[in-house]
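Data block below; observations after.
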Amino acid sequence: MNEDNERQKLYLREGNKLLYGNAFNGLAISGLAAITLALSFLTPETRAGKITWLTVMLVILGLRCVDIFIWRHLPSEQQGKGRYHRRFTIGALITAAVWSAYSLFFYPSFSPEEFTCVVIILSAMAAGATCILSGHPLLATLYSCIMLLPCSLILLMLSDSYRVHLGILGIFFTLAMVFSALTVSRYIRNAIFLKYKNLTMLEHMEDLVRQRTQDLYKLSRMDPLTGLYNRSTFLEQANQLTERFHQQQINGYSVFFIELDSFKQINDTLGHTYGDALLRKFSGRLREFSDDNTWFCRWGGNEFIFATALTDPGELYWVADAMLVRLGMPYRIDEEQITPRSTIGIAICPEHGDSMSKLIQLADIAMYAQQDQVHERIAFYNKALEQSLLRRTTLLEALRSALAAGALSLALQPIVTANSQRIAGFEVLLRWNHNGENISPAEFIPLAEQSGLIVPVGYWVLEQACQILTEMPHTTASLSVNVSVIQMQDPQFVANVAQVLSEHQIAPGRLHLEVTETFFHQEQQGVKETISRLRLLGVKISIDDFGTGYSSLSVIQNLNIDYVKIDRAFVANIFDKGQSIIAAVMTIAHGLHFQVVAEGVETPEQAAQLAKFGVHFMQGYYFSKPLPPEQALALLPHKRQDSA
């Protein structure tokens with residue numbers, strides 16, 4: 001489109017040059033021809049009319065000469081304007097119309113000689129216009145037609161045969177002039193186009209060479225997506241800090257290892273186009289923290305490095321915190337708003353090492369070790385973090401084979417009715433014994449979620465829970481299974497739940513799925529739709545750890561939750577501030593018609609107080625610790641139980 005616009009501008013500019021450049025000669029010839037024609041055939045009857053016609057013609061030609069004079073004294077960039085093109089066109093067409101008017105007004109008084117003279121002059125003027133007006137094909141065509149056709153048609157209407165023949169000849173001559181004008185104009189436009197191509201090549205060749213050089217420079221030194229340094233260039237530039245430190249020009253330097261969290265999830269849910277756009281915007285915000293003593297690079301994927309000459313931990317923390325605030329602001333990409341988190345690991349020279357590569361490695365360790373932390377997203381490297389990372393790496397590798405090796409097992413903890421303390425159901429808890437060590441779920445569940453292993457492990461737990469339900473067919477007792485956000489995002493999750501229930505012929509109401517309250521205010525795609533579909537199956541939904549999140553009331557109201565589990569922290573404080581929370585939850589429960597389960601009940605006093613508040617169900621070590629399924633099921637009497 002830009003090339004077409006440039007070409008049209010060139011046609012207009014060059015066309016104006018052709019029109020105005022040859023116009024003076026053409027106007028002079030027109031003036032002489034008009035004077036000769038008007039004065040040579042004067043008669044008493046036509047004198048006044050022809051003098052008037054000649055005056056009009058000379059005035060028009062004079063005005064056109066003034067226009068040409070003005071145009072020639074314009075700056076070159078102004079000469080190609082469209083208004084001058086229009087002015088010349090109007091002047092030429094008016095001139096042609098005045099010439100044509102001579103034939104129309106005076107033909108009744110024409111002698112044979114004057115007829116012949118008029119035809120010759122008009123034909124000559126039309127022929128000359130073919131070249132002079134070649135920069136404007138439409139104008140050249142109209143000029144010839146206006147000049148010749150009226151006179152030719154008049155001749156055709158006369159009775160004299162030689163005049164009719166002149167009329168026919170005039171029409172054919174008009175057609176010939178039109179054809180010639182179009183042919184010459186086509187040739188002129190081709191010549192202008194070739195000139196345009198040559199000018200373009202000459203003007204842009206140097207720019208192209210310069211641009212190619214810059215592109216090669218960027219490809220070799222810059223990350224093509226974000227425009228930051230690539231890895232090799234960053235190490236080359238940032239090693240200046242190491243040299244300055246060894247030359248004792250600075251006291252040290254620091255390295256930030258920055259990771260954009262949940263990037264794979266964004267790519268998988270929204271697509272790589274959104275992921276690339278997010279990386280570009282993320283990089284743009286990082287650049288806001290650059291100065292002469294800092295270097296940035298995209299280390300790879302969603303990882304970035306920041307090197308600075310600062311070494312004071314307080315200053316470094318302030319910079320890192322400011323980065324997290326800025327990087328954590330929402331990103332608007334098309335119609336989507338994305339608010340990802342970031343994690344920063346920091347290593348300092350000479351405290352942690354004196355080489356750039358070593359500090360990058362240690363900052364990476366600090367960052368990775370901090371990713372599980374919800375509130376604190378900044379970590380300085382220390383030995384404990386490295387040991388923690390080593391343990392996490394070892395456990396993750398072991399977890400990959402734990403399911404096949406039979407190292408995972410289930411435990412059941414009873415949930416009892418508050419009024420009779422009869423077992424109404426069990427919560428299913430996952431256990432892992434690794435080389436004789438019982439690994440805490442708080443340690444291995446996050447590993448399973450980060451690695452994606454939570455999906456197959458979660459389906460295994462669901463399958464085992466339904467198998468356990470088939471082993472207690474004569475009771476209405478339920479099983480509560482914890483579900484991860486990663487599982488809920490699986491498009492096949494609802495279908496798989498329905499399939500497992502169908503295969504084991506389990507009443508859907510006996511399966512309760514527990515999701516933590518903090519899960520809902522993450523605005524995950526499709527979460528509410530998934531829960532609605534589960535409830536349509538008949539599966540019960542519980543909110544676990546209620547009161548620790550931020551969107552409790554809206555979640556309950558919008559999703560029509562079946563159960564809410566009060567977090568154990570409030571139960572532990574039931575005789576202090578916790579009782580206000582529990583009382584408030586019970587008030588909401590009566591209004592919104594859901595049932596309440598109190599977790600972490602450890603004393604008879606707590607159980608009695610919870611019963612007074614009207615809590616429906618309780619769970620905790622006061623009633624039973626988590627037990628292997630066989631022992632837990634042995635606690636059930638043979639008669640039917642209240643359900644939870």
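Structural remarks
- CD proxy at 222 nm, helix term only [per DSSP H run n ≥ 4: -39500 (n - 2.57); per residue of the chain; nearest 500]: -20000 deg cm²/dmol
- Positive-end extreme of charge dipole, the chain - chosen from 500, 73, 96 (charges on Cβ): 96
- Working from Cα pairs under 8 Å separated by at least six residues, relative contact order for the stretch 369-435 is 23 percent.
- Where GluC sites (Glu not before Pro) in DSSP loops with at most 13 other Cβ within 10 Å are excluded, longest remaining stretch of the chain: 46-287
- Unit charges at the beta carbon, dipole of the chain: most positive-side option, 603, 415, 20: 20
- Each Cα pair under 8 Å and six or more residues apart adds its sequence gap; the mean of these over the residue count of the stretch 231-381 is a relative contact order of 30 percent.
- For the stretch 378-444 versus the stretch 81-101, the gap between their alpha-carbon centres in whole angstrom: 92
Readers should treat all values here as calculations from the given coordinates under stated rules, not as data from a laboratory. Here the structure is a predicted model, which is why all the values come from computation and not from measurement. Heads up, the Cβs are rebuilt from the backbone with ideal geometry, glycines too, and the neighbour counts pull from every protein chain shown.
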